[in-house]
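The values are calculated or read from the model by the stated rules, or taken from the named source; none is laboratory data. Note that the structure is a prediction, hence the values are computed from the model and not measured. Quick reminder, even Gly has a Cβ in these numbers, built from the backbone with ideal geometry, and neighbours come from all protein chains shown.
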Number of protein chains: 2
Amino acid sequence: MKPLDDQQRAARDWFESLRTRICAAFEEIERGAGSDAAFAFTPWERTDEDGSPGGGGVRGQMNGAVFEKVGVNVSTVGGRFAPEFAATVAGAEDDPSFFATGISLVAHMANPHVPAVHMNTRFLTTTRRWFGGGADLNPAIPYDEDTAAFHARLRAACAAHDPTFYPRFSKWAEEYFWLPHRQVPRGVGGIFYDHLEGHFDAHFAFTRDVGEAFLDIFPRIVRRRMDTPFSEADRQALLEYRGRYVEFNLLYDRGTLFGLKTGGNIDAILMSLPPLARWA
Amino acid sequence: MKPLDDQQRAARDWFESLRTRICAAFEEIERGAGSDAAFAFTPWERTDEDGSPGGGGVRGQMNGAVFEKVGVNVSTVGGRFAPEFAATVAGAEDDPSFFATGISLVAHMANPHVPAVHMNTRFLTTTRRWFGGGADLNPAIPYDEDTAAFHARLRAACAAHDPTFYPRFSKWAEEYFWLPHRQVPRGVGGIFYDHLEGHFDAHFAFTRDVGEAFLDIFPRIVRRRMDTPFSEADRQALLEYRGRYVEFNLLYDRGTLFGLKTGGNIDAILMSLPPLARWA
């Protein structure tokens, strides 16, 4: 893997510092619930197609009282895409060299009243370079108030950068987080964006604000719902709802596919899967 | 959907009668365990691409004391493949007309000492016509004795028809029931075969014997293990083992893909998924 340039290093440093702050915030929520659960961090290394070092990452996982299972991964990888995969990635059609750095987070919550959540932001380099990412809320028991608060916070992050971002990116999330075989959405949406290129500073600032928005709003939603009593039927509904998440990630998710196709770490890629899921 | 010809009708009748006998055998096992669980049967109809009737099937499902969740489906469908899918099916490259009839069975067992099992046999018609199928054993806690008995019974069924069948079809199962992302097999194998064409009577007789072999051996393995005491740790290991089954079916299984691509019944296609699975 080639040495990182200034933009790549800046992006990597941001994703790693965001990871540290998110993990601290989540552990603090566990403290508030009387749990001493903490993230365990496991570094992994990637070998490129030709056997040379291809970067790596750090898996972070916590199994707590509030966060039944949460994975927060950072990875910084590079090398050459396999030819058939290169053909499908912007700017890699003729030159398969790539670099990618990003953060990826999925939280499955113990209480069915607390929504599961996904957040991912990344910086890619091929012969082109761009930011992408997204965040979406997945409540087994939806509360309009939570959905509205989540969207409003992301809307504000978008609005500070470009008036077209929220309308475009929330619509993109609606289309992307969709289960065609069931004809239902995966959750209650959020934002999804990709190929933001041509203005590194502006797009990096936007990507940072997406991370800040997530870090601001999700812990608030968790605290609002984590002490709500729930029944065994609620819990079973949660396990069944999680089945949709599994179906989406294994049948459709680009990030899962990207990881499997680029020799990513299996445990990191599949950390998004829920601790327990049910198909009655 | 066109009227069935004699071969298609004979194959369908066999799959339906096998279904009835298997369900009776499984219900009898439940009786032996003091459970009155019974299969619930739900018919479904398929609409072809152009909106015309495209056949259908019957989902059979039982959630019992021994069979935590078992699905036994028969379907008889026909019409025209979508163009991009037709290109991938033998004999449908230039004419997308197809007919398919078959039985598909997946059993997830409550006791971790009893193996999960899959069995499917089918008769396809495009401009060509062939039989395919397979069966494989998926024990969370493997017993060499069970694995050997399962393979021996399938070997005997194969040997009565062609000395090359068992070596070829058991190797095919090893290759097919494989999780490349984990570099582990899905279970302990069995047989897998496809495109057996050119000799309808002989291949139909073989396909019937695969069904008979399954119906003979699997209930015996179940009875041998169903009363074995198990720990909570065994049960957790079972739930984790089932995760591999989910990964295989959603990431790689051709039958799942075939169903999703041909407008099959979602509940029938996903009936193979376990009642509960765990990704720690």
Considering region B:160-205, residues that are of a type in the set (Lys, Arg) and under 30 Å from residue B:240 (Cα atoms), and then whichever is nearest to the other protein chains (Cβ to nearest Cβ), we arrive at B:182
So in region B:259-280, with the set limited to residues that are crowded, with 19+ Cβ neighbours inside 10 Å and more than 7 Å from every other protein chain (Cβ to nearest Cβ), which one is nearest to the chain's Cα centre (by Cα)?
B:272
Just one of (1) within 14 Å of chain A (Cβ to nearest Cβ); (2) farther than 30 Å from residue A:268 by Cβ; (3) of a type outside the set (S, T, N, Q) trips up residue B:222, so point out which.
(1)
Checking residue B:17 against (1) touching a residue at least 60 places away in the same chain (Cβ under 8 Å); (2) closer than 21 Å to residue B:105 by Cα; (3) polar (S, T, N, Q), the condition it does not meet:
(1)
Count of region B:47-83 residues which are over 28 Å from residue B:3 (Cα atoms) and free of Cβ contacts under 8 Å to residues at least 60 places away in the same chain
5
Quick one: residue A:227 ticks every box in (1) more than 27 Å from residue B:255 (Cα to Cα); (2) in a helix (DSSP H, G or I); (3) more than 14 Å from every other protein chain (Cβ to nearest Cβ) bar one, so which box is it?
(2)
Does residue A:10 qualify as being among the hydrophobic types (A, V, I, L, M, F, W, C) and assigned to a loop (DSSP other than H, G, I, E, B)?
no
Could you check how many residues of region B:4-49 are within 24 Å of residue B:260 (Cα to Cα) and not hydrophobic (A, V, I, L, M, F, W, C)?
11
Which residue, of B:75, B:35, B:17, is of a type in the set (S, T, N, Q), exposed (fewer than 15 other Cβ atoms within 10 Å of the Cβ) and modelled with pLDDT of 95 or more?
B:17
Is it the case that region A:226-246 has a residue that's in contact with a Cys (Cβ under 9 Å, 6 or more places away or on another chain) and at negative phi?
no
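So if I check each of A:131, A:81, which one is over 21 Å from the mean Cα position of the chain (by Cα) and buried (at least 21 other Cβ atoms within 10 Å of the Cβ)?
None of the other options fit; the residue is A:81.
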Could you list all residues from region A:175-205 that are in a helix (DSSP H, G or I), more than 15 Å from the chain's Cα centre (by Cα) and crowded, with 17+ Cβ neighbours inside 10 Å?
A:200, A:203, A:204
Tally time: how many residues in region B:241-258 are more than 10 Å from chain A (Cβ to nearest Cβ) and more than 19 Å from residue B:133 (Cβ to Cβ)?
2
